[in-house]
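Here the structure comes first, spelled out in structure tokens, and everything after it is commentary.
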Amino acid sequence: MKKNIKTLIATTLAVCIFSVPVFAQTVGKVMFEKGDKYTITYAIPDNSNSKFIEYVNSQISQSTNSSITEVKEAGKTLSELEDTSLSAEYISFYDIHKAGDLTSVVTTNYVYTGGAHGLTVLNSYTGFNNSAEAITVDKLFKDGIDGIKILKDKINAKIDENSSIYFEDAKNTVNAKNTFDYYIDGNNIVIYFSAYEIAPYSAGIPKFNISVDELKDALKPEIYTNIIKGTSLSDTRLNGESFELSEKIVKEENKTLIPLRAVCDALGVEIGWTAETGATVSGEKVENITLINGVSYIDANADVFPDNVYVNYMPNEGLRLYK
């Protein structure tokens, strides 16, 4: 079983590097590969019911292949160093935001190739479900309306509200752009920037939520009428969409506990019990179980799940499950 990385931002990884893979597996939509000095874990959406998701997967494939190549090359370099515990790593997972006939797919991509920390990058794609192309942010607005200028004004106003967390020239960076990366989340258009672009690394990925009601008169009618139907995703998600576990997550002072059977059931993972070993997942013994009101819990950081699924808990984001 693999070690799941629970915090993608501001984490120093002790990981894996390049050589002929010692283990590689593709099951369902979760891909896992482990070499001598690298590990790769990524999930891709099911495109069976959406022309747009099929297009998105082609874009994800290009990005993933590039990152995998980078990580394997870094792994090869790290393997040539003496006395290093560092390893290269690539992790990618996705969220799917639906709003009427519009869908936004957002991928979170973490790459570590050596040094103090890795880098997290978002990629996003928004389009109509029956379309094989993405809509750039300027195309959300009516013809003749400068939507980019409207967005700049709103972003700059939000920067002014909390200017201390941004670089002094953040607004200059915003004003110099001729487009923005974005996605839909509920009734909001979310504009985001890369790490270091307008704020220090410690600030993470800057995001600006802009309600469509603020943009109603400027947006194309078919855009507004769809986004207004959107619902924000819950903190617990299965394959990128809102999901409700049969048991609640328990937050303690120094850790977060997730219900073992409920998570296994959601992922379709075999869970069992024997008098000799106690609880098992995919036939392997599970250590350090906490019993709460008769329900078995494990630390969200526990390494107990097989490599054909992916479990990721982030304190400020919630629980992500992929199978």
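Reported to the nearest whole Å, the Cα centre-to-centre distance from segment 262-323 to segment 68-140 is 26. Between 0 and 90 degrees, rounded to the nearest ten: what's the tilt of helix 51-79 against the longest Cα principal axis of the chain? Helix 51-79 sits at roughly 60 degrees to that axis. In order along segment 175-189, phi translates into HN-Hα couplings of 5, 7, 7, 10, 7, 9, 7, 7, 8, 9, 9, x, 9, 10, 9 Hz, rounded to whole numbers, per the Karplus curve 6.51 cos²θ - 1.76 cosθ + 1.60 with θ = phi - 60° and x for Gly and Pro.
Annotation: the chain has a Kirkwood hydrodynamic radius of 21.4 angstrom, from the mean reciprocal C-alpha pair distance. For segment 23-128, the Kirkwood hydrodynamic radius comes to 14.8 Å, computed from all pairs of different C-alpha atoms. As a proxy for reagent exposure, TYR55, TYR42 were ordered by neighbouring Cβ count within 10 angstrom, fewest first; the result is TYR55, TYR42. Local charge for GLY147 was computed over the other residues whose Cβ lies under 13 Å away, with Lys and Arg +1 and Asp and Glu -1, and equals +2.
With the cut-off at 31 Å, tell me which of the pairs LYS37/LYS171; LYS251/LYS323; LYS37/LYS98 have Cα atoms farther apart than that.
LYS37/LYS171; LYS37/LYS98
What FRET efficiency comes out for the pair ILE145/THR69, r = Cβ-Cβ distance, R0 = 41 Å, nearest 0.05?
Details: r = 41 Å, r/R0 = 1.00.
The value I calculate is 0.50.
Placing pseudo-labels 7 Å out from each Cα toward the beta carbon at PHE243 and ALA132 gives an inter-label distance of 3.0 nm.
Which FRET efficiency value, to the nearest 0.05, do you get for GLU287 and ASN47 by plugging their Cβ-Cβ distance into 1/(1 + (r/R0)^6) with R0 = 35 Å?
Efficiency for this residue pair is about 0.40.
Across segment 240-322, the fraction of Cα-Cα pairs farther apart than 16 Å, rounded to a whole number, is 50%.
Bear in mind that the values in this text are calculations on the coordinates, not laboratory data. Note that the coordinates shown come from a computational prediction; the quantities given were computed from them, not determined experimentally. No Cβ is skipped: glycine too gets one built from the backbone with ideal geometry, and neighbour counts run over all protein chains shown.
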